[in-house]
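Participant: Input: one structure, supplied below.
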Amino acid sequence: MTHTNSQPAVYLNALEHEGKRFIRLWFKANPFIAKRLKEAPWVKYSKTYKCFVMHRTDQCIEKLHQHFEGLAKVDARYLDRPKRLRPAEGATILASSQASDPLPRVTALPVVRLQPLEYEGRTLIQLSFQYSKEIYTCLWRFSGCTWLKEFKCFAMANESALFHELLDVLEGTAQVWLAQTLQLRDLPLQARLWEQGYVKGPAYIACPLPVIEKLFLLNYSMNTIRTYHALLLRFLNGHSAQGLDSINAFSAEEINRYHRGMVQSQRYSHSTVSQSINAVKFYFQRVLGRHSVRLEDVERPEKPSRLPQVLSKQEVLRILSVTENLKHRCLLQLLYAGGLRISEVINLRITDVQSDRNLLFIRGGKGKKDRTTLLSQKLLESLRAYYKEYRPKVWLFEGQTGGQYTVESIRSVFRASMGKAGVKTKATPHTLRHSFATHLLEQDHRDLHPRDELRAG
């Protein structure tokens, strides 16, 4: 029977008492409804809550509807209303977009590091790892590698097919890392190395190989290629349930919704969101050829206007003064006084130091541009002393076993010097570059140039 608006209403509200679920019955003062509720044996009056209550079951609700049929309206609109917090308790609104969540990573696994090894006139690949019975057993059973007694290590031929087999053999047991002295030209292998740290469920979507091929073809830097690969992988697997074909047919609005979820989650920086938009745009327009999808209209978060974190001159001098190792001190001096990036420091060759002209030649910096920078006399003297002591062969800074110094090694050196100097400012090696630029601006014409304040050691 249809109820008219003139009928009185009985509202149902959720009530919890001693861990049990009840329904509170609320209505405007009406003797008829009160009398009718007293006549219902499944409804009781609660002196504690000063209202009529009943058990929260489908049977009780159905009987209440029948009991008031044609007499009053039973309204359950408030029954499942979410509980409201008091103003003092507050709440944080989180994005519900599944696409904003990062790809799950595998539990930390031990590392097998690959590096070149000269053996009997040919170049082999040495496999180094902290002893693990599981890794040792895997490699011993792997027909592609051999135990070299002279070097007490496993080694294998420098063949791309063996690298792929090695990844299969070690999957779930260890991760494979390549030394910087190994240059890859096998793009499928490169993609496998980058993706080995992710959990690959049944719906996992690997990054399409044409993306990496196109990025290499257009001469993008390795850092940019790896960043685009990781962010595109996250985008694809954020929608993996729909399948790659459906993703490839996405509209700009669907892509926009994904990135809006990243912004709303407040878990990603402005630059990460912007790079993700660029990576997805590259995929749709340059790889899929869908230029009709106007991704330039995709909303980009506003970049926060923040000053870069810098160290004071005194903090920089303290960091340098406690760095006793000559090689490490020269590294940090170049980051600061040379205004170099970490990648630029590790890519310096001996021939790039032009001491007769007090110049440092920097090849393939950001944007793959070459440039030169002036070297102060004191920094040049430090580099000369370093060269006489360490005698590097090719690269200006080389590791203990040869080859380029690594980015992580420079970061470790900087962290150690920061701790030893007691500098509490939050900083990274790149902060030295920002600090130098800031100190130049602060420098009064009567003061010494920041480069001249560096000590030779």
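The values are calculated or read from the model by the stated rules, or taken from the named source; none is laboratory data. A quick note: this is a predicted structure, and the numbers were derived from the prediction, not measured. Cβ placement follows ideal geometry from the backbone for every residue including glycine, while neighbour counts extend to all protein chains displayed.
Participant: Restricting the first residue to the stretch 408-429 and requiring it to be charged (D, E, K, R), which pairs with a second residue that is buried (at least 18 other Cβ atoms within 10 Å of the Cβ) and at pLDDT below 90 meet a Cβ separation below 7 Å and a spacing of at least six or different chains?
Facilitator: From the stretch 408-429, the pairs are Arg411/Pro429.
Conditions (1) in contact (Cβ under 8 Å) with a residue 40 or more places away in the chain; (2) within 36 Å of the chain's Cα centre (by Cα); (3) in the same structural domain as Arg415 (by TED's automatic domain parsing), marked per residue:
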{"position": "Leu331", "(1), (2), (3)": "yes, yes, yes"}
{"position": "Leu348", "(1), (2), (3)": "yes, yes, yes"}
{"position": "Asp356", "(1), (2), (3)": "no, no, yes"}
{"position": "Thr373", "(1), (2), (3)": "no, yes, yes"}
{"position": "Leu396", "(1), (2), (3)": "yes, yes, yes"}
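Participant: Working carefully through the options Ser100, Ser128, Ser143, Ser96, find the one that is within 30 Å of Asn13 (Cα to Cα) and either modelled with pLDDT under 85 or out of contact with any Pro (no Cβ under 6 Å at 6 or more places or on another chain) (or both). Before you say what the answer is, go through the steps one by one.
Facilitator: Details: Ser100 fails: within 30 Å of Asn13 (Cα to Cα); Ser128 fails: within 30 Å of Asn13 (Cα to Cα); Ser143 fails: within 30 Å of Asn13 (Cα to Cα).
After applying the criteria, what remains is Ser96.
Participant: It is to be established whether one or more residues within the stretch 121-139 are in contact (Cβ under 8 Å) with a residue 40 or more places away in the chain, within 30 Å of Ser269 (Cα to Cα) and polar (S, T, N, Q).
Facilitator: no
Participant: Could you tell me how many of the residues in the stretch 428-457 are modelled with pLDDT of 85 or more and either exposed (fewer than 14 other Cβ atoms within 10 Å of the Cβ) or over 33 Å from the mean Cα position of the chain (by Cα) (or both)?
Facilitator: 0
Participant: Output the number of residues of the stretch 110-142 satisfying the condition of being of a type in the set (Val, Ile, Thr) and in contact with a helix residue (DSSP H, G or I) (Cβ under 9 Å, 6 or more places away or on another chain).
Facilitator: At the first step, the residues of the stretch 110-142 found to be of a type in the set (Val, Ile, Thr) are 111-112, 123, 125, 135, 137.
Now restrict to residues that are in contact with a helix residue (DSSP H, G or I) (Cβ under 9 Å, 6 or more places away or on another chain): 112, 125, 135.
Within the stretch 110-142, residues that are of a type in the set (Val, Ile, Thr) and in contact with a helix residue (DSSP H, G or I) (Cβ under 9 Å, 6 or more places away or on another chain) number 3.
Participant: Mind counting the residues in the stretch 235-280 that are small (Gly, Ala, Ser) and part of a loop (DSSP other than H, G, I, E, B)?
Facilitator: Restricting attention to the stretch 235-280, the residues satisfying the condition of being small (Gly, Ala, Ser) are 238, 240-241, 243, 246, 249, 251-252, 261, 265, 269, 271, 274, 276, 279.
Retained after the next criterion (residues that are part of a loop (DSSP other than H, G, I, E, B)): 238, 243, 249, 251, 269.
Residues flagged as small (Gly, Ala, Ser) and part of a loop (DSSP other than H, G, I, E, B) within the stretch 235-280 amount to 5.
Participant: Ok, one more. Go through the stretch 190-200 and give me each residue that's touching a residue at least 24 places away in the same chain (Cβ under 8 Å) and either within 18 Å of Phe235 (Cα to Cα) or in contact with a Ser or Thr (Cβ under 6 Å, 6 or more places away or on another chain) (or both).
Facilitator: Looking only at the stretch 190-200, we keep the residues that are touching a residue at least 24 places away in the same chain (Cβ under 8 Å), and these are 191-199.
Of everything in the stretch 190-200, those that are touching a residue at least 24 places away in the same chain (Cβ under 8 Å) and either within 18 Å of Phe235 (Cα to Cα) or in contact with a Ser or Thr (Cβ under 6 Å, 6 or more places away or on another chain) (or both) turn out to be Ala191, Arg192, Trp194, Glu195, Gln196, Gly197, Tyr198, Val199.
Participant: Are there any pairs with C-beta distances below 6 angstrom linking a residue in the stretch 230-254 that is under 20 Å from Val293 (Cα atoms) to a residue that is basic (Lys, Arg), with the two at least 6 apart or on different chains, and if so which?
Facilitator: From the stretch 230-254, the pairs are Ala252/Arg294.
Participant: Can you say whether Thr425 is of a type in the set (Val, Ile, Thr) and surrounded by 14 or more Cβ atoms within 10 Å (Cβ to Cβ), as far as the supplied structure shows?
Facilitator: On the way: of a type in the set (Val, Ile, Thr): yes; surrounded by 14 or more Cβ atoms within 10 Å (Cβ to Cβ): no.
Against the criterion (of a type in the set (Val, Ile, Thr) and surrounded by 14 or more Cβ atoms within 10 Å (Cβ to Cβ)), Thr425 does not qualify.
Participant: Moving on to the next point. Search the stretch 31-79 for residues being among the β-branched types (Val, Ile, Thr) and modelled with pLDDT under 90, and hand back the single one that is nearest to the chain's Cα centre (by Cα).
Facilitator: Of all residues in the stretch 31-79, those among the β-branched types (Val, Ile, Thr) come to 33, 43, 48, 53, 57, 61, 74.
Subset that is modelled with pLDDT under 90: 48, 57, 61, 74.
Values: Thr48: 54, Thr57: 48, Ile61: 51, Val74: 52 Å.
Residue satisfying both the conditions and the ranking: Thr57.
Participant: Scan the stretch 202-217 residue by residue and report those that are part of a loop (DSSP other than H, G, I, E, B) and out of contact with any helix residue (DSSP H, G or I) (no Cβ under 8 Å at 6 or more places or on another chain). Give the steps one after another, and end with the answer.
Facilitator: Taking the stretch 202-217 and keeping what is part of a loop (DSSP other than H, G, I, E, B), we get 202-208.
Answer for the stretch 202-217, where residues must be part of a loop (DSSP other than H, G, I, E, B) and out of contact with any helix residue (DSSP H, G or I) (no Cβ under 8 Å at 6 or more places or on another chain): just Pro202.
Participant: Here's another thing I want to ask about it. So for the stretch 220-232 (the condition being surrounded by fewer than 18 Cβ atoms within 10 Å (Cβ to Cβ) and more than 30 Å from Ser128 (Cα to Cα)), does at least one residue qualify?
Facilitator: Yes.
Participant: Could you say which residue among Gly399, Gly403 is in contact with a Ser or Thr (Cβ under 6 Å, 6 or more places away or on another chain), buried (at least 16 other Cβ atoms within 10 Å of the Cβ) and either of a type outside the set (D, E, K, R) or closer than 26 Å to Leu311 by Cα (or both)?
Facilitator: Gly403
Participant: In this structure, is Leu117 modelled with pLDDT under 50, of a type in the set (A, V, I, L, M, F, W, C) and not assigned by TED's automatic domain parsing to the domain that holds Ile23? Working first, answer last.
Facilitator: Details: modelled with pLDDT under 50: no; of a type in the set (A, V, I, L, M, F, W, C): yes; not assigned by TED's automatic domain parsing to the domain that holds Ile23: yes.
Against the criterion (modelled with pLDDT under 50, of a type in the set (A, V, I, L, M, F, W, C) and not assigned by TED's automatic domain parsing to the domain that holds Ile23), Leu117 does not qualify.
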